[in-house]
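What follows is a set of notes on a single structure, which appears directly below.
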Amino acid sequence: GELSGPAVQGNYYNLSHRRIVLFDIMVDGRYLNVDEFMSIVPEDARVPTIVVRVTLRQYLTAFDGDIVKAADGPSLLVDNLREGIVIKPMREMWVERFGRVILKKRGPVYLIQTGN
């Protein structure tokens with residue numbers, strides 16, 4: 001998950017108080033599948049969900065197949081650009097010589113604005 005708010009990474013979202021939002025959780029040494037995660041973690045404690053049950057290929061068609069373009073866009077938290085996106089499969093996956101399948105892509109505009 002991520003901590004955001006005053007005195008955290010420049011408070012990019014201009015929040016009035018600190019807040020932790022989750023995009024993943026491990027229980028008994030196992031990461032939860034998306035449906036399990038969403039049934040346990042309340043919506044206001046999760047990072048905003050852009051899409052569910054859509055393949056990455058389908059999602060990226062709106063961005064000419066470009067994951068960098070997909071990482072930019074309006075925040076679903078506040079009136080600002082989002083920091084980026086987290087992409088993960090609906091069911092946990094491990095790939096030989098790679099590991100767990102999960103991707104966090106920060107948006108280029110966010111990176112330019114924050115210098116991160």
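The values are calculated or read from the model by the stated rules, or taken from the named source; none is laboratory data. Because the structure is predicted, anything quoted here is derived from the model rather than measured. All Cβ positions, even for glycine, are placed from backbone atoms using ideal geometry, and neighbour counts span all protein chains on display. To get the accessible areas, we keep the full protein, side chains included, count just its heavy atoms, and leave off ligands, DNA and RNA. Shrake-Rupley method; radii C 1.70, N 1.55, O 1.52, S 1.80 Å.
Between Thr55 and Asn33, the contour length at 0.36 nm per residue exceeds the Cα-Cα span by 6.4 nm.
Would you mind counting up the charge near Val101? Only other residues with Cβ under 13 Å from its Cβ, with Lys and Arg at +1 and Asp and Glu at -1. Around Val101, the charge tally is +2. Computed with a 1.4 Å probe over protein heavy atoms only, the accessible surface of the stretch 34-116 comes to 68 Å² per residue.
Bridgeable lysines around Lys88 (alpha carbons under 16 Å apart, same-chain partners fewer than 8 residues away excluded): Lys104, Lys105. For Lys69, the aspartates and glutamates whose Cα falls under 15 Å of its own Cα, not counting residues fewer than eight places away in the same chain, are Glu83. Computed about the Cα centre, the dipole magnitude for the stretch 70-116 is approximately 220 debye when only Lys and Arg (+1) and Asp and Glu (-1) carry charge, each at its Cβ. Each Cα pair of the stretch 52-91 feeds into the Kirkwood radius, which the Stokes-Einstein equation turns, at 37 °C and 0.692 mPa s, into a diffusion coefficient of 297 µm²/s.
Counting charges near Ile40 (Lys, Arg +1; Asp, Glu -1) among other residues having Cβ under 14 Å from its Cβ returns a value of -4.
Which value, in debye to the nearest 20, describes the size of the charge dipole of the stretch 1-56 about its Cα centre when Lys and Arg Cβ atoms bear +1, Asp and Glu Cβ atoms bear -1, and nothing else is charged?
On the way: 5 positive and 7 negative charges, 36 e Å.
In debye, rounded to 20, the stretch 1-56 gives about 180.
Computed over protein heavy atoms with a 1.4 Å probe, the carbon and sulfur contribution to the accessible area of the chain reaches 56%.
With 18 Å as the cut-off, how large is the P(r) tail for the chain, expressed as percent of Cα-Cα pairs?
Details: 3749 of 6670 pairs.
Percentage above 18 Å: 56.
Residues in the stretch 74-96 near a label at Gln113, defined as backbone nitrogen under 17 Å from the 7 Å Cα→Cβ point? Answer for this model: 74-86.
If you place +1 on the Cβ of every Lys and Arg, -1 on the Cβ of every Asp and Glu, and leave all else neutral, what size is the dipole of the chain about its Cα centre, to the nearest 20 Debye? Write out the running numbers ahead of the final one.
Details: 15 positive and 14 negative charges, 47 e Å.
Once rounded to the nearest 20, the dipole reads 220 debye.
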